[in-house]
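Engineer: I have a structure here, written as structure tokens, and I will follow up with some questions on it.
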Amino acid sequence: MRRGSIASLLGIGVVAGGVAAAVALAIPWMPISASKEAGRIDFVFWFVVTICIVIFAVVAAAILYSVVRFRAAPDDDSDGPPIHGHTGLEIAWTLIPTVLVTAIGIVSAIVLSRDDAIAKNALHIQVIAQQFTWTFKYPDAHGLTSATLVLPNGREAVLDFQSRDVIHAFFVPEFRENMDVVPGLTTTINVTPTRVGTYPVICNELCGLGHATMRSTAQVMTPTAFDKWLKGQSKAVASPNPATAGAAVFKNNGCAACHTLAAASATGKVGPDLDKLPAEAQQAKQPLAAFVRTSITDPNAYVAPGYPKNVMPATFGKAIPTHQLDALVSYLINSSK
Ligand code: CUA
């Protein structure tokens, strides 16, 4: 190849590489990164993108140069010269991709094994997915439940996922981690938050009519604020005052996502309006207290007219401890009077 050809090839390559690099770097493609795992996953992403940009620039340069340099004249109907091939080129385009793909494999394996390593002081959290809510349980804090994922900043959290019905997927873009939540399986991811803030928890698998509404939030707090939150929550749920305890149980189990209850500032529209419980009990011809309790523990026993069966999870009877259930029932009765 002549010197001029090499210079024009290089020129095209630099322009193509520059355009691709500008598109990659000038646009903020990613949400902020809020965990250690996100930083590592971003590293793999940019490692691969950089390799792609270089390959793109080389290929674009070769194509553009060839289109101009070897273009046949409009009246040229002759066959091209028979070419046997180029052993040197073939070795190069086999070896270089092999090295690059191996490098990507090694970098990914290191990142995966680091993200999967469980720290000694890790905080274990059970995440329960069901149509269409998330519940977060803290086994280290006497099984405290919360409708939002609250995490202490800087400490690794191990999230164990379980589904009560169909396949869901847990996704927090700022943590860069997505995990399927499959009935009958326990799946796990680790999150080590690095940034105090509130981030969306999204269900990332079409799981039914309410899929789009199956959202919660991940709240990353300072370790001190987290300890305070844990203590406050445990105290509220165990409060001898049924109004305080009931309100906490209502909030922690995500009832507000589906029901309206003025006392809790809840405005959900998926299930019946809980401000009208006495009228509902009358319609079901049941005493109010028994009606409220059964509606929580065995929701399909009586379904309010106009609402479909099997939408209210049938698992709260088992999931909510008896004293919390008592508090919730009395809270609902008093709030709806
Ligand atoms: Cu759960 Cu989509």
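Engineer: Going by the conditions given, is ASN121 assigned to a loop (DSSP other than H, G, I, E, B), among the polar types (S, T, N, Q) and touching a residue at least 24 places away in the same chain (Cβ under 8 Å)?
Structural biologist: Numbers: assigned to a loop (DSSP other than H, G, I, E, B): yes; among the polar types (S, T, N, Q): yes; touching a residue at least 24 places away in the same chain (Cβ under 8 Å): yes.
Judged against the criteria, ASN121 is a match.
Engineer: Mind checking which residues of the stretch 256-265 are part of a helix (DSSP H, G or I) and either touching a strand residue (DSSP E or B) at 6+ places or on another chain (Cβ under 7 Å) or of a type in the set (S, T, N, Q) (or both)?
Structural biologist: Here is the first cut: in the stretch 256-265, the residues part of a helix (DSSP H, G or I) are 256-257, 262-264.
ALA256, ALA257 - these are the residues of the stretch 256-265 that are part of a helix (DSSP H, G or I) and either touching a strand residue (DSSP E or B) at 6+ places or on another chain (Cβ under 7 Å) or of a type in the set (S, T, N, Q) (or both).
Engineer: Restricted to the stretch 74-131, and to residues that are polar (S, T, N, Q) and within 16 Å of the ligand (Cβ to nearest atom), which residue is modelled with the lowest pLDDT? So that I can check it myself, show each step before the final result.
Structural biologist: Step one: list which residues in the stretch 74-131 are polar (S, T, N, Q), which gives 78, 87, 94, 98, 102, 108, 113, 121, 126, 130-131.
In the following step, the residues that additionally are within 16 Å of the ligand (Cβ to nearest atom) were identified as 130-131.
Values: GLN130: 89, GLN131: 83.
Of everything passing the filter in the stretch 74-131, GLN131 is modelled with the lowest pLDDT.
Engineer: Sticking with this one: I'd like the residue in the stretch 273-321 that is out of contact with any strand residue (DSSP E or B) (no Cβ under 7 Å at 6 or more places or on another chain) and among the charged types (D, E, K, R) and, out of all such residues, is farthest from GLN131 (Cα to Cα).
Structural biologist: LYS285
Engineer: I need a count of the residues in the stretch 172-186 that are within 11 Å of the ligand (Cβ to nearest atom) and either surrounded by 17 or more Cβ atoms within 10 Å (Cβ to Cβ) or of a type in the set (A, V, I, L, M) (or both).
Structural biologist: Going residue by residue through the stretch 172-186, those that are within 11 Å of the ligand (Cβ to nearest atom) are 180-181.
When the remaining residues are screened for being either surrounded by 17 or more Cβ atoms within 10 Å (Cβ to Cβ) or of a type in the set (A, V, I, L, M) (or both), the result is 181.
The total comes to 1.
Engineer: Sticking with this one: Here is a list: ARG155, ARG114. Which entry is within 29 Å of PHE250 (Cβ to Cβ) and either charged (D, E, K, R) or surrounded by fewer than 16 Cβ atoms within 10 Å (Cβ to Cβ) (or both)?
Structural biologist: Numbers: ARG114 fails: within 29 Å of PHE250 (Cβ to Cβ).
Only one candidate qualifies: ARG155.
Engineer: Test each condition in (1) within 29 Å of ILE41 (Cβ to Cβ); (2) in contact (Cβ under 8 Å) with a residue 24 or more places away in the chain; (3) away from the ligand (no atom under 16 Å from the Cβ) for ILE167 and report the one that comes out false.
Structural biologist: The number of the failed condition is (3).
Engineer: Could you grab me the full set of residues in the stretch 187-214 that are surrounded by fewer than 19 Cβ atoms within 10 Å (Cβ to Cβ), part of a strand (DSSP E or B) and touching a residue at least 40 places away in the same chain (Cβ under 8 Å)?
Structural biologist: GLY197, the sole residue that qualifies.
Engineer: Please go through the stretch 215-237 and give me each residue that is within 28 Å of ALA262 (Cβ to Cβ) and free of Cβ contacts under 8 Å to residues at least 12 places away in the same chain, ordered by number.
Structural biologist: Answer for the stretch 215-237, where residues must be within 28 Å of ALA262 (Cβ to Cβ) and free of Cβ contacts under 8 Å to residues at least 12 places away in the same chain: GLY232, LYS235.
Engineer: Kindly provide the set of residues from the stretch 237-262 that are of a type in the set (Gly, Ala, Ser), surrounded by fewer than 19 Cβ atoms within 10 Å (Cβ to Cβ) and more than 17 Å from SER295 (Cβ to Cβ), ordered by number.
Structural biologist: If we filter the stretch 237-262 for residues that are of a type in the set (Gly, Ala, Ser), which is where we start, we get 238-239, 243, 245-248, 254, 256-257, 262.
Subsequent filtering for residues that are surrounded by fewer than 19 Cβ atoms within 10 Å (Cβ to Cβ) retains 238-239, 243, 256, 262.
ALA238, SER239, ALA243, ALA262 - these are the residues of the stretch 237-262 that are of a type in the set (Gly, Ala, Ser), surrounded by fewer than 19 Cβ atoms within 10 Å (Cβ to Cβ) and more than 17 Å from SER295 (Cβ to Cβ).
Engineer: Going by what's in this entry, would ALA26 be described as surrounded by 10 or more Cβ atoms within 10 Å (Cβ to Cβ) and of a type in the set (Gly, Ala, Ser)?
Structural biologist: It is false that ALA26 is surrounded by 10 or more Cβ atoms within 10 Å (Cβ to Cβ) and of a type in the set (Gly, Ala, Ser).
Engineer: Filtering the stretch 202-244 down to residues that are small (Gly, Ala, Ser) and in contact with a Leu (Cβ under 8 Å, 6 or more places away or on another chain), which residue is nearest to the ligand (Cβ to nearest atom)? Walk me through it before giving the result.
Structural biologist: Taking the stretch 202-244 first, the residues small (Gly, Ala, Ser) are 208, 210, 212, 216, 218, 225, 232, 234, 236, 238-239, 243.
Next, only the ones that are in contact with a Leu (Cβ under 8 Å, 6 or more places away or on another chain) stay: 216, 218, 234.
Values: SER216: 11, ALA218: 16, SER234: 28 Å.
Top of the filtered list is SER216.
Engineer: Scan the stretch 215-246 residue by residue and report those that are out of contact with any helix residue (DSSP H, G or I) (no Cβ under 8 Å at 6 or more places or on another chain), under 30 Å from THR192 (Cβ atoms) and not in a strand (DSSP E or B). Working first, answer last.
Structural biologist: Keep residues of the stretch 215-246 that are out of contact with any helix residue (DSSP H, G or I) (no Cβ under 8 Å at 6 or more places or on another chain), which gives 215-217, 219-220, 222-229, 231-232, 235, 240-241.
Narrowing further to those that are under 30 Å from THR192 (Cβ atoms): 215-217, 219-220, 222-229, 231-232, 235.
Of everything in the stretch 215-246, those that are out of contact with any helix residue (DSSP H, G or I) (no Cβ under 8 Å at 6 or more places or on another chain), under 30 Å from THR192 (Cβ atoms) and not in a strand (DSSP E or B) turn out to be THR222, PRO223, THR224, ALA225, PHE226, ASP227, LYS228, TRP229, LYS231, GLY232, LYS235.
Engineer: Do we find a residue being in contact (Cβ under 8 Å) with a residue 24 or more places away in the chain, loosely packed, with under 15 Cβ neighbours inside 10 Å and closer than 24 Å to ALA238 by Cα anywhere in the stretch 290-301? Full working, then the answer.
Structural biologist: Let us first name the residues in the stretch 290-301 that are in contact (Cβ under 8 Å) with a residue 24 or more places away in the chain, namely 292-293, 296-297.
Next cut, loosely packed, with under 15 Cβ neighbours inside 10 Å only: none.
Scanning the stretch 290-301 turns up no residue that is in contact (Cβ under 8 Å) with a residue 24 or more places away in the chain, loosely packed, with under 15 Cβ neighbours inside 10 Å and closer than 24 Å to ALA238 by Cα.
Engineer: Consider the stretch 308-332. How many of its residues are in a helix (DSSP H, G or I) and surrounded by 15 or more Cβ atoms within 10 Å (Cβ to Cβ)? Can you show your working first?
Structural biologist: Narrowing the stretch 308-332 to residues in a helix (DSSP H, G or I): 316-319, 322-332.
Then keep just the ones that are surrounded by 15 or more Cβ atoms within 10 Å (Cβ to Cβ); that gives 316-317, 319, 324-332.
Residues flagged as in a helix (DSSP H, G or I) and surrounded by 15 or more Cβ atoms within 10 Å (Cβ to Cβ) within the stretch 308-332 amount to 12.
Engineer: Is one or more of the residues making up the stretch 270-292 assigned to a helix (DSSP H, G or I) and either in the same structural domain as ARG164 (by TED's automatic domain parsing) or of a type in the set (Asp, Glu) (or both)? It would help to see each step written out before you state the result.
Structural biologist: Here is the first cut: in the stretch 270-292, the residues assigned to a helix (DSSP H, G or I) are 274-283, 288-292.
Those left that are additionally either in the same structural domain as ARG164 (by TED's automatic domain parsing) or of a type in the set (Asp, Glu) (or both): 275, 280.
Yes: one or more hits.
Engineer: Only one of ARG114, ARG155 is basic (Lys, Arg) and in a helix (DSSP H, G or I); which? Quick ask: steps written out before the conclusion?
Structural biologist: Working: ARG155 fails: in a helix (DSSP H, G or I).
Answer to the selection: ARG114.
Engineer: For the subset of the stretch 132-152 comprising residues that are among the polar types (S, T, N, Q) and buried (at least 22 other Cβ atoms within 10 Å of the Cβ), which member is nearest to the ligand (Cβ to nearest atom)? Quick ask: steps written out before the conclusion?
Structural biologist: Here is the first cut: in the stretch 132-152, the ones among the polar types (S, T, N, Q) are 133, 135, 145-146, 148.
Narrowing further to those that are buried (at least 22 other Cβ atoms within 10 Å of the Cβ): 133, 135, 145-146.
Numbers: THR133: 9, THR135: 12, THR145: 18, SER146: 18 Å.
So, considering only residues that are among the polar types (S, T, N, Q) and buried (at least 22 other Cβ atoms within 10 Å of the Cβ), the one nearest to the ligand (Cβ to nearest atom) is THR133.
Engineer: Given the structure, is GLN162 part of a strand (DSSP E or B) and either more than 16 Å from the ligand (Cβ to nearest atom) or over 26 Å from VAL311 (Cβ atoms) (or both)? Even if it seems obvious, please write down each step before you answer.
Structural biologist: Values: part of a strand (DSSP E or B): yes; either more than 16 Å from the ligand (Cβ to nearest atom) or over 26 Å from VAL311 (Cβ atoms) (or both): no.
Against the criterion (part of a strand (DSSP E or B) and either more than 16 Å from the ligand (Cβ to nearest atom) or over 26 Å from VAL311 (Cβ atoms) (or both)), GLN162 does not qualify.
The values are calculated or read from the model by the stated rules, or taken from the named source; none is laboratory data. Small disclaimer: the values here were computed from a predicted structure and weren't measured. Every residue, glycine among them, receives a Cβ derived from its backbone with ideal geometry; neighbour counts consider all protein chains shown.
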